[in-house]
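The structure under discussion appears below in the form of structure tokens.
The values are calculated or read from the model by the stated rules, or taken from the named source; none is laboratory data. Quick caveat: nothing in here was measured; it's all calculated off a predicted structure. Ideal geometry is used to build each Cβ from the backbone, glycine not excepted, and the neighbour counts take in all protein chains shown. Each accessible area value is taken on the protein alone, full model and side chains, heavy atoms only, with ligands, DNA and RNA left out. Shrake-Rupley method; radii C 1.70, N 1.55, O 1.52, S 1.80 Å.
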Amino acid sequence: MPHVVVDPITRIEGHLRVEVTVDGGKVTDAISSGTAWRGLELVMKDRDPRDAWAYIQRICGVCTTAHALASVRAVEDALGIAIPKNASYIRNIMAATLTVQDHIVHFYHLHALDWVSPVEALAADPAKTAELQTSLLNAYRLPFRVPSEIPTEAYPHDFPAATPQYFTAVQAKVKAIVESGQLGIFAAQWWDHPDYKLLPPEVHLLAVAHYLEMLDKQRELVTPHVIFGGKNPHPHYVVGGMPCAISMNDGNAPVNTARLAIVDRAINMGRTLVNNYYLPDLIAIGNIYVKAGKVDGGGLAKTRVLSFGSYPLEGYKGTSTGGYFDNLLIRSSGVVENFGQGVANATFSEIKAEDLKDDSEITEGVEHAWYEYPEGAGDLHPWQGVTKDKYTGPKEGTETIWKTLNEGGKYSWLKTPKWKGKVCEVGPLAKYIIIYVKAQKGLLGDLTWAEKMMIDQIDAVSKVLGLAPEVWMPTMVGRTACRALDCQLNAEINRYFFDKLVANIKAGDTATMNNEKWDPSTWAKECRGVGLYDAPRGALSHWIVIKDGKTDNYQCIVPTTWNACPRDEKAGHGAYELAMMDTNVAIPDKPLEIAKVIRSFDPCMACATHMYNAKGEEINIVSTDPYGR
């Protein structure tokens, strides 16, 4: 049985290594190993909690604002701070902005080349590609909008080109790159894999054209971070609100009429990109895959998914005291089990404020992680969490050059998060599954406009695919599709909170900061808090303990920790490992299917892939660096 190692499968958010055993075209065992550790929890020790957001968002250079938001929410929960309405609206706009940009970049630049090939695009007919572009917009454009939309553009400024001349020019560019032998941005892939033959050449050319367009367009989407947060990446936040003063009269104010117009343009651009490019492209490709029987890769999504809910509607006070959960636009806070068996057999368990304080509700274990807990300690609640490294090396190889990892011992720098002792999958797919199950079982009451939109989106895609949601959603295709639906949803959420912000400013409210508890002398001697956020990759939580005005303990449970965690002897495999074990592999030496299913979680694209056979001999190296550095 071939034993295949893919290492690294991603470098953008930290190294990730996977090992799979393939038998008869099916993965029979899988290991997911986080191979990098930053130790920012230890950096936070004894620091001023008001500065926590600035340090902790350095976890990542891609989803920086997500960690800053969860951090300020954690500190505000601990100190009992309620933020002004404007601050809540602005934070929601920044969160929605991140989600729209992140999903678009993920699909086109980190995942698209797992589906489409520049080599196959060379065989396309540009005239037929232009016809295909028009037909896709007619067939797969989902025209869902936030209610009572205020139109602020005369027409969409970003609409796909659909002429033979345009696609001829793109094809010529791609041909020149391929014939040069220096694939550059199109390197690091197995272009002869049979999966690339599933799509007509015209789909390849159209998608590659949009790949190139989005390299330019996506950077404009995060303009709101620059307006409200001063810069991107790593925009500024502040405990108690936002650090951007509002004035409709001062031309030098961080937020004024002119700068709000810039935010407005960025939000509208995001809406047109997802509606006119992303969703039609994704649904067209996904439909072909599903019709070809590619409905594997669901893994843990069929069994158990978790979400914390999204977007407080107004300013609120407290997460662990209930303010966050009582005030959500998307009420997905909870866990759904057994969705793969159909809605009738699925069960929902709510996550409430009091559950966050329960030592057995949300925990982390280190059974297979390179950490150690105090003697006799089992799984620990994050407020009691310990981050003490204990690297033991691989099963075979050296400490720095691994041959095979020790799946019976410790093999990852990721802990194993659990809900009630069980592993869970998180992400847009999880959120959509939970809202769908709650709605079908009548657990939501009157749906918010966003929840209704989610149900309408699911029904629309189910109609296109001709499959029930419980069939297509918990798959690799479904996970990728729900990310696109989430992008459309967040584009409309962006519009929704921007309109609320403008209306509130017009009413005379310009407050963005509550500094009543800024002075440490107003704090309790010891307190603790948690900040929650359903980030682009799923459920994110930051946990802080403050003692004598300093950070005494800080722990983060991030989406990739939930999904990429190592197995647990009682709880079983995590989401990455189970998704790989639920995936068919046509060519073990070219496991495109494994890369595709892992990247459907959005851990980001590989810079280089090194493959080894069962003997540890190097089979192939595919590098994105055309100069071989």
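Residues in the range 327-351 that are surrounded by fewer than 14 Cβ atoms within 10 Å (Cβ to Cβ) and part of a loop (DSSP other than H, G, I, E, B): 342 alone. When we screen 62, 43, 105 for residues that are without any contact (Cβ under 8 Å) to a residue 40 or more places away in the chain, on the phi < 0 side of the Ramachandran plot and open to solvent by 10 Å² or more (accessible area, probe 1.4 Å), the only hit is 43. Does residue 363 fit the bill of being at pLDDT 95 or above, open to solvent by 40 Å² or more (accessible area, probe 1.4 Å), touching an Asp or Glu at 6+ places or on another chain (Cβ under 6 Å) and more than 25 Å from residue 29 (Cα to Cα)? Judged against the criteria, residue 363 is not a match.
I'd like to check something: does the range 365-383 contain any residue that is assigned to a strand (DSSP E or B), without any contact (Cβ under 8 Å) to a residue 40 or more places away in the chain and under 30 Å from residue 409 (Cβ atoms)? Yes, because at least one residue in the range 365-383 is assigned to a strand (DSSP E or B), without any contact (Cβ under 8 Å) to a residue 40 or more places away in the chain and under 30 Å from residue 409 (Cβ atoms).
The condition of being open to solvent by 20 Å² or more (accessible area, probe 1.4 Å), free of Cβ contacts under 8 Å to residues at least 60 places away in the same chain and out of contact with any Phe, Trp or Tyr (no Cβ under 7 Å at 6 or more places or on another chain) holds for only one of 408, 421, that being 408.
Going by the structure shown, is residue 505 over 24 Å from residue 431 (Cα atoms), in contact with a Cys (Cβ under 6 Å, 6 or more places away or on another chain) and not in a loop (DSSP other than H, G, I, E, B)? No: the conditions fail for residue 505. Can you say whether residue 466 is over 27 Å from residue 105 (Cα atoms) and open to solvent by 30 Å² or more (accessible area, probe 1.4 Å), as far as the supplied structure shows? It is true that residue 466 is over 27 Å from residue 105 (Cα atoms) and open to solvent by 30 Å² or more (accessible area, probe 1.4 Å). Looking at the structure I just gave you, is residue 539 more than 17 Å from residue 52 (Cα to Cα), hydrophobic (A, V, I, L, M, F, W, C), part of a strand (DSSP E or B) and modelled with pLDDT of 95 or more? Spelling it out, residue 539 is indeed more than 17 Å from residue 52 (Cα to Cα), hydrophobic (A, V, I, L, M, F, W, C), part of a strand (DSSP E or B) and modelled with pLDDT of 95 or more.
In this structure, does residue 409 turn out to be under 22 Å from residue 325 (Cβ atoms), part of a loop (DSSP other than H, G, I, E, B) and not acidic (Asp, Glu)? Against the criterion (under 22 Å from residue 325 (Cβ atoms), part of a loop (DSSP other than H, G, I, E, B) and not acidic (Asp, Glu)), residue 409 does not qualify. Just one of the listed residues (167, 159) is among the hydrophobic types (A, V, I, L, M, F, W, C) and either open to solvent by 60 Å² or more (accessible area, probe 1.4 Å) or part of a loop (DSSP other than H, G, I, E, B) (or both), namely 159. Exactly one residue out of 127, 78, 82, 96 is over 25 Å from residue 556 (Cβ atoms), open to solvent by less than 60 Å² (accessible area, probe 1.4 Å) and of a type outside the set (S, T, N, Q): that is 127.
Is it the case that residue 81 is in contact (Cβ under 8 Å) with a residue 24 or more places away in the chain and farther than 25 Å from residue 383 by Cα? Judged against the criteria, residue 81 is not a match.
Kindly indicate which of 17, 38 is open to solvent by 30 Å² or more (accessible area, probe 1.4 Å) and over 16 Å from the mean Cα position of the chain (by Cα). Checking each option against the conditions leaves just 38.
Residue pairs whose Cβ atoms lie under 7 Å apart, sitting 6 or more positions apart in sequence or on different chains, and linking a residue in the range 260-281 that is farther than 22 Å from residue 138 by Cβ and open to solvent by less than 10 Å² (accessible area, probe 1.4 Å) to a partner that is of a type in the set (Phe, Trp, Tyr) and at pLDDT 95 or above, are 263/498; 267/498. For residue 393, the conditions (1) in a loop (DSSP other than H, G, I, E, B); (2) touching an Asp or Glu at 6+ places or on another chain (Cβ under 7 Å); (3) open to solvent by 50 Å² or more (accessible area, probe 1.4 Å); (4) not β-branched (Val, Ile, Thr) are fulfilled apart from (3).
Within the range 604-615, restricting attention to residues that are over 23 Å from residue 104 (Cα atoms) and open to solvent by 40 Å² or more (accessible area, probe 1.4 Å), which residue is modelled with the highest pLDDT? Taking the candidates together, the pick is 615.
Out of everything in the range 568-603 that is basic (Lys, Arg) and open to solvent by less than 30 Å² (accessible area, probe 1.4 Å), what residue ends up being nearest to residue 189 (Cα to Cα)? Looking at the filtered set, the residue picked out is 596. Residues in the range 439-473 that are outside any helix (DSSP H, G or I) and under 19 Å from residue 284 (Cβ atoms): 3 in all. Inspect the range 172-183 for any residue being out of contact with any helix residue (DSSP H, G or I) (no Cβ under 6 Å at 6 or more places or on another chain), open to solvent by 40 Å² or more (accessible area, probe 1.4 Å), closer than 30 Å to residue 265 by Cβ and without any contact (Cβ under 8 Å) to a residue 12 or more places away in the chain and give the result as yes or no. So far as the range 172-183 goes, no, none of its residues is out of contact with any helix residue (DSSP H, G or I) (no Cβ under 6 Å at 6 or more places or on another chain), open to solvent by 40 Å² or more (accessible area, probe 1.4 Å), closer than 30 Å to residue 265 by Cβ and without any contact (Cβ under 8 Å) to a residue 12 or more places away in the chain.
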